[in-house]
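Below is one structure, written out as structure tokens; the observations come after it.
The values are calculated or read from the model by the stated rules, or taken from the named source; none is laboratory data. Keep in mind the model is a prediction, meaning the values are calculated, not measured. Cβ atoms come from the backbone with ideal geometry, glycine included; neighbour counts cover every protein chain shown.
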Amino acid sequence: MSKKEGALLQFAPMQSSVDEGFWHRFSSLKLNKLGIDDSPLPIIGFYAPCSHSQVSNHLTLLAESLPSESSDSSLVPEPSSGNRNKCSVPGILYNTNTMEGFHALDKMKLLKEEAAKIWNDIVTGKAVEDCSMLSRFLLISFADLKKWSFHYWFAFPALMLDPPAALVNLRPASQWLSAAEAESLSTACNEWRNSKSTADVPFFLVTIDPQSRATIRLLKDWDACQSDAHKILFGFYDPCHLPNNPGWPLRNFLALISAKWNLKSVQFLCYRENRGFADMGLSLVGEALITVSEGWKDTMPNAVGWELNKGRKVPRCISLAQSMDPTRLAVSAADLNLKLMRWRALPSLNLSALSSVKCLLLGAGTLGCQVARMLMAWGVRKITLVDNGKVAMSNPLRQSLYTLDDCLNGGSFKATAAVESLKRIFPAVEAEGVVMAIPMPGHPVNSQEQESVLDDCRRLSDLIDAHDSVFLLTDTRESRWLPTLLCANTNKITITAALGFDSFLVMRHGAGPFSHAHGFNAETAISSSSDVHKIKDAKGKHRLGCYFCNDVVAPTDSTSNRTLDQQCTVTRPGLAPIASALAVELLVSILHHPEGIFAEGDISSNVIGTSEQPLGILPHQIRGSLAQFSQMTLVGYSSSSCTACCDTVLSEYRNKGMEFILQAINHPTYLEDLTGLTELMKSATAFSLDWDKDDDDGGGDEDCVEI
Amino acid sequence: MDQKESVRDITPWDGTLSSSDFFSAACAFSEKWKRFNAFVPPWLWVPSRKHHLLSSHKEEGYLSLEGMCLIKSSEEQESCRSQTWKEESSISQEEEAVDNATLVCICDEVNHYDFHIVYSPSYRVPVLYFRSYHSDGQPLPFGEIEKDLPDHSAKIRSESKWTFITQEEHPYLNRPWYKLHPCGTSEWMKLLFHGDTALNKNGFVIEHYLVSWFSVIGQVVGLKIPLGMLETLSC
């Protein structure tokens, strides 16, 4: 295929390709070494001859295009040599610190400066010595390290011939050469490409003697080529694949040939390969006519070369947030973990239920911190912590979200510090902290405090409404009363954990008295607030009890008049992690049980395989003793005199609302009178608050198995 | 280290192979590939040292096949990839010299694929890692890669609980690559070699391990294994 005589020689532009690794290393360099220093940085680009008939090769930047980060090295990248697939060419990077700075760069000036370097290398002869200088390039960029996006623009400076060169003809090398010549040239090229000393030399001279023998030489051997009867070809590695156009490197090559050797007619070889071997069918031979004026080489020629982006003269942008943003990487790693559990062990694991359940944790102490962590480990993302306390110096040891820093300056609020800690562990968690006290019966309030206490009650009610599952993790019995009532009223999944000195209780509350076990599944429990039917729960199926159903006394002030060791809950350290872990596992089991909150209480037995549920049994209560290293599962049913969840109390709450709450808070015997517990009390002794003792007092409403 | 060699002859094989066996298998595989696959780039061994203290033998590295190109027709090109730039950062026509010598060409969009076969010391099997990017280097998100995968790939991945694609950090390059999770590999490798006592001889297993492994794995990512390579198994 030949072109008409004298047609304009048009070059295929050089195309850039930046490997992710380049941006990774550049980000690291910028963060660790360069800082705000925006002086130009020498870099190395790589290209190779085209090796695919339909895809051009690119000028590529890799991680090794940049200098290494080690402190003792200078900011110059390590040159590679002898690699046939990576011909090194020098480049320079101007990275700005702001987007405005990027736009404000004087692009023409920068292009002229780099072009001037090429011209200088040509004029002084340096380019003949080291021909890769002819393909010098320029890169400007703005690395946005907050969003992990990189704006950049390449320029491949090309010196312009004035007037431009004309193309006499251009055809595949196999057509221009004789068969013998083509074979000899192929062999010579393959040797050149396989020899470490010349494999990455992208410009060369080809001489073909009258016996059809081809020889390849370095540019500096120009004088040795001046022998009559020899055909001379100016060869270069052509990254372009197009059959009718030579690649970009030829532009500066022609400028050199004209300026240094004054030739008017140039036979050139666009060297291309196929599968790593010289291919004379893909390679092109052409003849260019150079008609520049006499004085052309006395002044620096004009230059062009900014890379187009889809035909427009605008920069490019690449976003690497997917692979560089640590938060995204943490999220996908966490997801993978859970998916693996599902794939390998538990195909019925409901990951979407776990990631969408909204958990409210009342208490951010030893239990609250551990429960929060365990929830995150299960893939729960929506966690709210409520606590009105501040982190004290003794807390970090047992309360796993706090460190010493949280104790300083009087101590941060626990709810706030806990949330920050959770986000440090897993940035994608949706955690909120609420600094609030939980109103408690038996702690009377005067009239000034009344309004704010009622506010807290309403706020607590709103919080419970907004969540699907509530954990009662406070350190007094009475603080659990109001939450229990509100949860029973709205039928929320409620889990209590309570610690003694060396024993613990973890239990799930039964459904509220106004609920009905109809077509329940985990999803509806989460999405709807409460399924209220005015039908009381059927006799045939007892509601499971709540934390207070066992009690025969109303919760009241347990904190005054206690000795110091009774005031600060002193427990064996191992208890809280055990109880917290069990509490979370209990929630996960509920979420996977088809009847959810309405599920009956199982007790563990020695018969293997009694449970049909993949996660095993779903107990009602778990009581453990560290003194015995033992644990037992119990079932307790609701009491019709329960001060927190019986229908008398709940009806009263529904009728009188906040007024009822206030009564309970201010009058210690109100609840007992209301429920009829007063009559059940056997003795009127001042009660102790050790709940183990209460068990001894326990009334006949229980239906549980005790060992 | 491989005292297991003698033990293996007696005890049933568990479908895994040791790190040094992996190197032997890799050499056999890449050599066969070159022989039977003239039109596709070769698998090259890339030596890498990861655990300078723990590495107990000399040849540690992975097999690499880079530069597979998938040319997209113009209908499939992503128009959403182009940014709408305000003309703040363009170069006005007056500034740059008028240049007719530059060819204006519209190039096809090409998806480039790189594949690595990396040994997993914890699962003791090979793992296929891959990534894809456009010509300018922009990595392809998984949604785009899925469009390139053959139709039966989705079927295999949904049916087999053993075959799924995840994104994880490449053990040597420290960047996220996609990989076919190895948790089921030893199971089905056992099945592939099962029943034929002749096949269970040590040397044979190692030499043909990667070929067999690849005949399954390759299907998920659309890499075909030439029949010639498979036929050598049945002798």
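In table form, for the structure just shown:
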read-out	value
Residue count for the range A:642-676, restricted to those that are farther than 16 Å from residue A:544 by Cβ and outside any helix (DSSP H, G or I)	6
Residue match in the range A:247-254 (condition: within 11 Å of another protein chain (Cβ to nearest Cβ), closer than 27 Å to residue B:41 by Cα and aromatic (Phe, Trp, Tyr))	yes
Of residues in the range A:69-108 being within 18 Å of residue A:35 (Cβ to Cβ) and hydroxyl-bearing (Ser, Thr, Tyr), the one surrounded by the most Cβ atoms within 10 Å (Cβ to Cβ)	A:94
Count of the range A:628-659 residues which are buried (at least 17 other Cβ atoms within 10 Å of the Cβ) and among the small types (Gly, Ala, Ser)	5
Residue match in the range A:72-80 (condition: small (Gly, Ala, Ser), more than 13 Å from chain B (Cβ to nearest Cβ) and in contact (Cβ under 8 Å) with a residue 24 or more places away in the chain)	yes
Long-range neighbours under 6 Å by Cβ, at least six apart or interchain, first residue at the interface with chain A (Cβ under 7 Å from one of its Cβ atoms) within the range B:165-177, second in a loop (DSSP other than H, G, I, E, B)	B:166/B:181
Test: residue A:148 is closer than 22 Å to residue A:241 by Cβ, modelled with pLDDT under 95 and not acidic (Asp, Glu)	no
Residue A:297 vs. criteria under 23 Å from residue A:154 (Cβ atoms), more than 24 Å from the chain's Cα centre (by Cα) and basic (Lys, Arg)	no
Matching residues in the range A:621-666 - criterion: being free of Cβ contacts under 8 Å to residues at least 60 places away in the same chain and either touching a His at 6+ places or on another chain (Cβ under 8 Å) or not aromatic (Phe, Trp, Tyr) (or both)	A:628, A:630, A:631, A:633, A:648, A:651, A:652, A:655, A:656, A:657, A:659, A:663
Qualifying residues in the range B:120-152 (those that are within 13 Å of chain A (Cβ to nearest Cβ) and part of a helix (DSSP H, G or I)) - the one surrounded by the most Cβ atoms within 10 Å (Cβ to Cβ)	B:145
Which listed residue is closer than 24 Å to residue A:240 by Cβ, in contact with a Gly (Cβ under 8 Å, 6 or more places away or on another chain), within 12 Å of another protein chain (Cβ to nearest Cβ) and not in a loop (DSSP other than H, G, I, E, B), from A:88, A:17	A:17
In the range A:298-313, the residues that are outside any helix (DSSP H, G or I) and either under 18 Å from residue B:109 (Cα atoms) or without any contact (Cβ under 8 Å) to a residue 24 or more places away in the chain (or both)	A:299, A:307, A:308, A:309, A:310, A:311, A:312, A:313
Residues located in the range A:1-10, provided they are surrounded by fewer than 22 Cβ atoms within 10 Å (Cβ to Cβ) and either part of a helix (DSSP H, G or I) or not hydroxyl-bearing (Ser, Thr, Tyr) (or both)	A:1, A:3, A:4, A:5, A:6, A:7, A:8, A:10
Residue among A:228, A:162 that is surrounded by fewer than 21 Cβ atoms within 10 Å (Cβ to Cβ), in contact with a helix residue (DSSP H, G or I) (Cβ under 9 Å, 6 or more places away or on another chain) and modelled with pLDDT under 90	A:162
Exclusive hit being crowded, with 23+ Cβ neighbours inside 10 Å and either more than 8 Å from every other protein chain (Cβ to nearest Cβ) or modelled with pLDDT under 95 (or both), set A:340, A:362, A:329, A:351	A:362
Checklist (1) over 28 Å from residue A:392 (Cα atoms); (2) touching a helix residue (DSSP H, G or I) at 6+ places or on another chain (Cβ under 7 Å) applied to residue A:448, failing item	(2)
Answer residue from the range A:28-56, given it is modelled with pLDDT under 90 and within 12 Å of chain B (Cβ to nearest Cβ) and is surrounded by the most Cβ atoms within 10 Å (Cβ to Cβ) among those	A:51
Residues being free of Cβ contacts under 8 Å to residues at least 24 places away in the same chain and either aromatic (Phe, Trp, Tyr) or surrounded by 20 or more Cβ atoms within 10 Å (Cβ to Cβ) (or both) - total across the range A:213-225	0
Check on residue A:348, more than 27 Å from residue A:117 (Cβ to Cβ) and in contact with a strand residue (DSSP E or B) (Cβ under 7 Å, 6 or more places away or on another chain)	no
Residue satisfying all of: in the range B:175-188; among the hydrophobic types (A, V, I, L, M, F, W, C) and touching a strand residue (DSSP E or B) at 6+ places or on another chain (Cβ under 7 Å); surrounded by the most Cβ atoms within 10 Å (Cβ to Cβ) among these	B:177
Residue in the range A:276-297 that is assigned to a loop (DSSP other than H, G, I, E, B), at the interface with chain B (Cβ under 8 Å from one of its Cβ atoms) and modelled with pLDDT of 85 or more present	no
Matching residues, the range A:367-392, being in contact with a Leu (Cβ under 8 Å, 6 or more places away or on another chain) and either of a type in the set (Gly, Ala, Ser) or at pLDDT below 95 (or both)	A:368, A:372, A:379
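Conditions (1) within 12 Å of residue A:401 (Cβ to Cβ); (2) in contact (Cβ under 8 Å) with a residue 60 or more places away in the chain; (3) out of contact with any Ser or Thr (no Cβ under 6 Å at 6 or more places or on another chain), marked per residue:
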residue	(1), (2), (3)
A:345	no, no, yes
A:348	no, yes, yes
A:351	no, no, yes
A:358	no, yes, yes
A:364	yes, yes, yes
A:367	yes, yes, no
A:370	yes, yes, no
A:376	yes, no, yes
A:384	no, yes, yes
